[in-house]
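Right, one structure below, let's go through it.
Read-outs throughout are calculated quantities, based only on the coordinates presented, and are distinct from any laboratory measurement. Note that the structure is a prediction, hence the values are computed from the model and not measured. Because the Cβ atoms are built from the backbone with ideal geometry, glycine has one as well, and the counts that use them run over all protein chains shown.
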Amino acid sequence: MGIGLVHAKQKLQRTLSVRIGNAMATANVPKGHIAVYVGEGNRKRFVIPISFLNHPLFQDLLNRAEEEFGFNHPMGGLTIPCSEEYFISITTILNCS
């Protein structure tokens, strides 16, 4: 496992450990994926592959989430503090790479 993936996985584990019991965060999430909440104001739920966590663009989003929310995410799952449009553009790039 690469250092970047290990770092991302550790950050994600710390982030989600506060709300691990929340069924909403894991409902209908296929193996190898994670649910994230994105948006300003009303948040939309996205299910993304965990492979995204290793990418520097997504790690930047994880850093922003940690800075803004610490380890207490308001939606019970990982909350990404960016617009839906920006998140979709990042995931589109990651899907093509």
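Summarising the amide proton neighbourhood of THR79: residues at separation of 5 or more, or on other chains, whose placed amide H is nearer than 5 Å comprise TYR37.
Using the Cβ of TYR37 as centre and a radius below 10 Å, the other residues enclosed give a net charge of +3, where K and R count +1 and D and E count -1. Each label was represented as a point 7 Å from its Cα along the Cα-to-Cβ direction; for LEU94 and VAL6 these points are 2.1 nm apart.
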